[in-house]
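The values are calculated or read from the model by the stated rules, or taken from the named source; none is laboratory data. Nothing here was measured: the structure is a model prediction, and the numbers come from that model. Note: ideal-geometry Cβ built from the backbone for every residue, glycine included; neighbour counts use all protein chains shown. Ligands, DNA and RNA are stripped out before the accessible areas are found, and what is left, the full protein with its side chains, is counted by its heavy atoms. Shrake-Rupley method; radii C 1.70, N 1.55, O 1.52, S 1.80 Å.
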Amino acid sequence: MTDTSTERSFPEDIVIADTVRWLEKAVIGLNLCPFAKSVHVKGQIHYVVSQATDAEGVVIDLHRELEALAEISPDKRDTTLLILPQALQEFLDFNDFLEVADAMVEELELGGILQVASFHPRFQFEGTDVDDVTNCTNRAPYPTLHLLREDSIDKAVEAFPEAETIYERNMEVLEQMGIEGWLDLDLAARCPFTGRDATPPTEKD
């Protein structure tokens, strides 16, 4: 079988730059996550661009990154963003994969130590329309698995006693912006998906 990994590979610098732009302009800029700025400023976020094109490939990369995060000091790497520019482009497939991710955390005996959160350019809350702006709270330029430390989450919640209100506040912020305001942030992926439309289903006229 011919190895096509080279011709399929996506330029990591563009994918990471897109993700950092989203982090700075949306997650931090809109204060969607009050805990993100600190680790970003300290350089404690590790960005990994997966060249996987299917779920099996993502499993390999996720396994490696979970072990790496568990082994390294939190001062050097507090969290990891595993970015998937070529795999799990359909949101339902990505959503189903999260069960695999959670099972892997348990298999590696990292339950209570690490957890996996997620973002997707086509994220959609159950019961919402595809163009509902509140879906954007969980939308990123590329499908992304966010590997977090449980200890860091606990410390962040202690420092932000009303953490349970973040979700509601985020909904209010985005509803006030409207979908036009969100699209004006210009957070779309610049690296085209092979054979796919990289633009989320909500488009600006």
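Summary of values
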{"item": "Residue check for T128: among the hydroxyl-bearing types (S, T, Y), in a helix (DSSP H, G or I) and either modelled with pLDDT of 95 or more or out of contact with any Phe, Trp or Tyr (no Cβ under 9 Å at 6 or more places or on another chain) (or both)", "result": "no"}
{"item": "Residue, farthest from R64 (Cα to Cα), within region 119-139, restricted to residues that are of a type in the set (S, T, N, Q) and surrounded by fewer than 20 Cβ atoms within 10 Å (Cβ to Cβ)", "result": "T128"}
{"item": "Any chance D96 is assigned to a helix (DSSP H, G or I) and either in contact with a Ser or Thr (Cβ under 7 Å, 6 or more places away or on another chain) or surrounded by fewer than 21 Cβ atoms within 10 Å (Cβ to Cβ) (or both)", "result": "yes"}
{"item": "Lone unmet requirement of (1) surrounded by 15 or more Cβ atoms within 10 Å (Cβ to Cβ); (2) at pLDDT 95 or above; (3) in a helix (DSSP H, G or I) for K37", "result": "(2)"}
{"item": "Count of region 71-93 residues which are among the hydroxyl-bearing types (S, T, Y) and open to solvent by less than 30 Å² (accessible area, probe 1.4 Å)", "result": "2"}
{"item": "Extreme residue, most open to solvent (accessible area, probe 1.4 Å), among residues of region 105-118 that are within 17 Å of the chain's Cα centre (by Cα) and touching a residue at least 40 places away in the same chain (Cβ under 8 Å)", "result": "V116"}
{"item": "Answer from A68, A52 - the residue that is under 19 Å from I113 (Cα atoms) and open to solvent by less than 50 Å² (accessible area, probe 1.4 Å)", "result": "A68"}
{"item": "So P11, is it surrounded by fewer than 18 Cβ atoms within 10 Å (Cβ to Cβ) and closer than 16 Å to A117 by Cβ", "result": "no"}
{"item": "Among (1) in a helix (DSSP H, G or I); (2) over 16 Å from the mean Cα position of the chain (by Cα); (3) at pLDDT 95 or above - the single one D102 does not satisfy", "result": "(2)"}
{"item": "L145 vs. criteria at pLDDT 95 or above, within 18 Å of V39 (Cα to Cα) and open to solvent by less than 70 Å² (accessible area, probe 1.4 Å)", "result": "yes"}
{"item": "In region 70-90, the residues that are touching a residue at least 24 places away in the same chain (Cβ under 8 Å) and in a loop (DSSP other than H, G, I, E, B)", "result": "P74, D75, K76, R77, D78, L84, P85, Q86, A87, L88, Q89, E90"}
{"item": "Cβ pairs under 7 Å, 6+ apart, first in region 44-61 and touching a residue at least 24 places away in the same chain (Cβ under 8 Å) and on the phi < 0 side of the Ramachandran plot, second open to solvent by 50 Å² or more (accessible area, probe 1.4 Å) and of a type in the set (D, E, K, R)", "result": "V49/E12; Q51/R8; T53/R8"}
